[in-house]
């Protein structure tokens with residue numbers, strides 16, 4: 001069997017939905033194995049779990065090899081960040097450090113194998129890429145939110161420090177209290193405590209909740225959704241271009257075959 005034939009076979013394997021489903025199933029099973037290790041289990045079951053863990057690592061190694069050999073342009077394989085991440089996780093998992101001082105590192109690496117599901121499933125990659133691309137815009141929203149937090153924390157510390165020093169003693173503690181209010185974690189208890197001294201303090205809390213929990217949250221959702229739609233549109237355009245190029249290639253192939261057929265007919269006359 002030639003190298004080209006082997007590459008073609010591995011390319012068909014890595015492009016097969018059954019293969020993708022199998023890898024996702026192994027990742028899920030790997031997560032379950034990691035979960036089992038957190039319980040107190042009998043020594044025999046612990047040995048079985050250890051064997052299963054190594055089998056999973058070997059399967060991941062074979063999967064990486066298949067994906068690498070089946071890559072049409074191998075020099076671009078490691079230019080993909082997800083391929084580098086997958087390879088690094090698998091290679092480190094092969095290092096026998098379970099009985100050494102770095103055993104905790106080995107366990108952490110195996111935990112991160114669950115993240116490989118993101119690199120396998122395209123939809124998850126789109127979501128994560130969209131979130132990463134939205135971060136620059138989200139940074140300005142977070143900066144504005146911090147300013148609002150700081151202003152309200154300064155006001156709260158000024159007025160409510162004598163009411164409850166544990167919650168409003170200084171601006172740092174006040175910001176933590178406001179985070180509690182924003183997440184609706186017993187925020188009414190905080191409000192009722194200050195209302196005994198300042199009856200209209202509810203305005204402070206409701207206005208803060210409006211700015212943070214409602215306005216800023218909708219801003220963040222809007223930015224992420226906008227970037228997600230933009231990413232989906234770009235991917236759709238790329239697929240359309242690839243489909244168009246494939247159609248042109250097929251037309252060129254048909255044209256060449258017709259030309260050869262015409263020349264063959266003319267030669268027989």
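Here the range 120-165 was treated as a single set of alpha-carbon atoms; its pair distances binned every 5 Å from 0 give 5, 19, 13, 12, 11, 10, 8, 8, 6, 5, 3, 0 percent. Based on alpha carbons, the Rg and Dmax found for the range 1-155 are 20.5, 77 Å. Summarising the label geometry, the points placed 7 Å from Cα in the beta-carbon direction at residue 20 and residue 214 lie 4.2 nm from one another. Available extension along the chain between residue 123 and residue 91 is 9.0 nm, counting 0.36 nm per residue and deducting the alpha carbon span. Between residue 74 and residue 235, the contour length at 0.36 nm per residue exceeds the Cα-Cα span by 55.7 nm. Computed from the mean reciprocal separation of all distinct C-alpha pairs, what Kirkwood hydrodynamic radius does the range 33-82 have, in Å? About 13.2 Å, per the Kirkwood formula over Cα pairs. Legend: calculated FRET efficiency, residue 58 to residue 186, from the Cβ-Cβ distance at R0 = 41 Å, rounded to 0.05, equals 0.25.
Volume of the convex hull of the range 1-85 (Cα atoms only), normalised per residue: 105 Å³. Could you give the angle, 0 to 90 degrees to the nearest 10, between helix 122-160's Cα long axis and the longest principal axis of the Cα atoms of the chain? The angle comes out near 10 degrees.
Shape annotation for the range 126-259: C-alpha extents along the principal axes are 93, 20, 17 Å, from largest to smallest.
Rg and Dmax over the alpha-carbon atoms of the chain stand at 29.2, 109 Å. Taking the longest Cα principal axis of the chain as reference, the axis of helix 3-14 is set at about 40 degrees.
Cα axis of helix 171-182 to longest principal axis of the chain: angle in degrees, 0 to 90, nearest 10? Tilt of helix 171-182: around 70 degrees.
Only the coordinates and a few stated rules stand behind these numbers; no lab work does. Predicted, not measured: the structure shown is a model, and the values here were computed from it. Counting neighbours? That spans all protein chains shown, and the Cβs are built from the backbone with ideal geometry, glycine included.
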